[in-house]
Every structure is written in C-alpha cells, then in structure tokens.
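Read through the structure below, which is laid out as structure tokens, and then see the notes.
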Ligand code: 3PG
C-alpha cells in the first residue's frame, strides 16, 4: 500500500492493488474465502458490516489466517470503529466521512480510509490529514474521467476507486497516477461463495493480480 501521512494510517503493507469488497452471510465462508484469495495472490480483504456475520468473519480471518490483511468495510457509525478493531481488523474503510468517524479512528489509532465523491470532500479529507481516500461510488462519480479531473487541482491525493470496477476496466484505473488501488465485489461472486466454489474465487483473484501487475 502507498504511504499515507495521516497519523492513524499506519496501514499494514499489503501488496495487492485490488481490494475485494466482501459481504459474508455465513461465518463458515470467511476462512476458506481468505485462503482462496491468498491462493490467487490477494492478501487483503475488506469485509463489510452489511451483514450481521461481518464482525465475526473479520474475527475469524484475523485469528486463523495471519497472512491475510483484513479490514472492515462499510463502517458508517463511530461506535463501530472500536468494535471492528476489537474483532481484529487492521484497518477500516467507509463509503463516506464524518467528523465522528475520523475522531473514532484517531481515538482507536486504527488506520482508516474515508470515502469521498466531490472535490470539496477530498479537500475536507486532506484537511483531516488523509492523503489516501476511497472514491465511492466511483462509476457514478464519473469514473476514469473524474479521477483524471481530480488529479489536476488535487494532485497530491491518492484514491481507491470502488463501485463499478470490473475485470474489464481495473487495469485502466490502476494506470492512473493518482489511483493507489481499486476495490470491488466481482472477486467473490455470491453464487460461487454460496456453493463453496473456492477455486473460482482463486481464479478471479489470479486474473485480477495478472491484470494489475
Ligand atoms: C459496494 O458498494 O458493494 C462496493 O462499492 C463494491 O461495488 P461493486 O459491486 O460495483 O464492485
């Protein structure tokens, strides 16, 4: 991961520039999914809090798969910051940013990537000390053209676009100088996960790693 100046962003050095955004609906999926992604070369997971199994899934991966850097996604309430940290998340992401969330991350000293969608929000994040932010939802925000436009006046900021990234466009995003990494849900398709087809997850991870090399 690229360096970040924010005092809370002492982010673990995962090497993947593709961050799977994951909704786990059954705790038993967590550890095999982590192994499947690792087998394909992806050493980071954003496990979201969108399902009640999310927190336990973070805990299971943090405990049983030490090679995986597990982060918590969809952190939208300040009180969740301490909970995901206790579960073992080594960083947190949010679709947006609020003063309360930033303060909670500082209080926990948990590395945090806030979400932004407009130039003003990027500037607000920078005022808070962040130099790496999540552009969400990336496609709806303008995708590649939006990132190129932000790179003019806000050239010191780095982005993790998420939302609408696919195997067909991830390489175009990663070519941009202000894109540190991309996030997306395509690596863990619901049907493959529910059917335990972990070889498919490994295949998608390997494909993404090859395209991001
Ligand atoms: C989400 O909202 O689930 C994430 O941003 C991932 O978006 P995607 O499904 O378009 O990859």
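Scan segment 84-131 residue by residue and report those that are in a loop (DSSP other than H, G, I, E, B) and more than 16 Å from the ligand (Cβ to nearest atom).
Residues of segment 84-131 that are in a loop (DSSP other than H, G, I, E, B), as a first pass: 88-90, 94-98, 109-111, 114, 117-118, 128-131.
Once the filter is applied, which keeps residues that are in a loop (DSSP other than H, G, I, E, B) and more than 16 Å from the ligand (Cβ to nearest atom), segment 84-131 yields 88, 89, 90, 98, 109, 110, 111, 118, 128, 129, 130, 131.
Filtered by the rule that a residue be out of contact with any strand residue (DSSP E or B) (no Cβ under 9 Å at 6 or more places or on another chain) and under 24 Å from residue 73 (Cβ atoms), segment 148-166 gives a lone residue, 154. Residues that are touching a strand residue (DSSP E or B) at 6+ places or on another chain (Cβ under 8 Å) and within 24 Å of residue 154 (Cα to Cα) do not occur anywhere in segment 55-75.
Checked against (1) touching a helix residue (DSSP H, G or I) at 6+ places or on another chain (Cβ under 8 Å); (2) over 23 Å from residue 96 (Cβ atoms); (3) part of a helix (DSSP H, G or I), residue 207 passes all but condition (1).
One line per residue, one yes/no per condition, for (1) over 24 Å from residue 34 (Cα atoms); (2) at pLDDT 95 or above:
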position: 86; (1), (2): no, yes
position: 92; (1), (2): no, yes
position: 120; (1), (2): yes, yes
position: 123; (1), (2): yes, yes
position: 129; (1), (2): yes, no
position: 141; (1), (2): yes, yes
position: 149; (1), (2): yes, yes
position: 174; (1), (2): no, yes
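Here is the figure for segment 34-54: residues that are away from the ligand (no atom under 13 Å from the Cβ) and out of contact with any strand residue (DSSP E or B) (no Cβ under 7 Å at 6 or more places or on another chain) total 8.
Does segment 192-202 include one or more residues that are on the phi > 0 side of the Ramachandran plot and more than 16 Å from the ligand (Cβ to nearest atom)?
Initially, segment 192-202 is screened for residues on the phi > 0 side of the Ramachandran plot, giving 196.
Cutting the leftovers down to more than 16 Å from the ligand (Cβ to nearest atom) gives us 196.
Yes: segment 192-202 contains one or more residues that are on the phi > 0 side of the Ramachandran plot and more than 16 Å from the ligand (Cβ to nearest atom).
Residue check: residue 61 meets all listed conditions (1) under 21 Å from residue 189 (Cβ atoms); (2) more than 16 Å from the ligand (Cβ to nearest atom); (3) under 13 Å from the mean Cα position of the chain (by Cα) but one, namely (3).
With respect to the conditions (1) more than 16 Å from the ligand (Cβ to nearest atom); (2) more than 16 Å from residue 34 (Cα to Cα); (3) at pLDDT 95 or above, residue 179 falls short on a single one, namely (1). Looking at segment 132-190, the helices (runs of 4 or more DSSP H) lying wholly inside it that each contain 3 or more residues that are crowded, with 17+ Cβ neighbours inside 10 Å and without any contact (Cβ under 8 Å) to a residue 60 or more places away in the chain sit at 138-141, 143-150.
The values are calculated or read from the model by the stated rules, or taken from the named source; none is laboratory data. What you see is a predicted model, and the numbers here were worked out from it, not measured in a lab. All Cβ positions, even for glycine, are placed from backbone atoms using ideal geometry, and neighbour counts span all protein chains on display.
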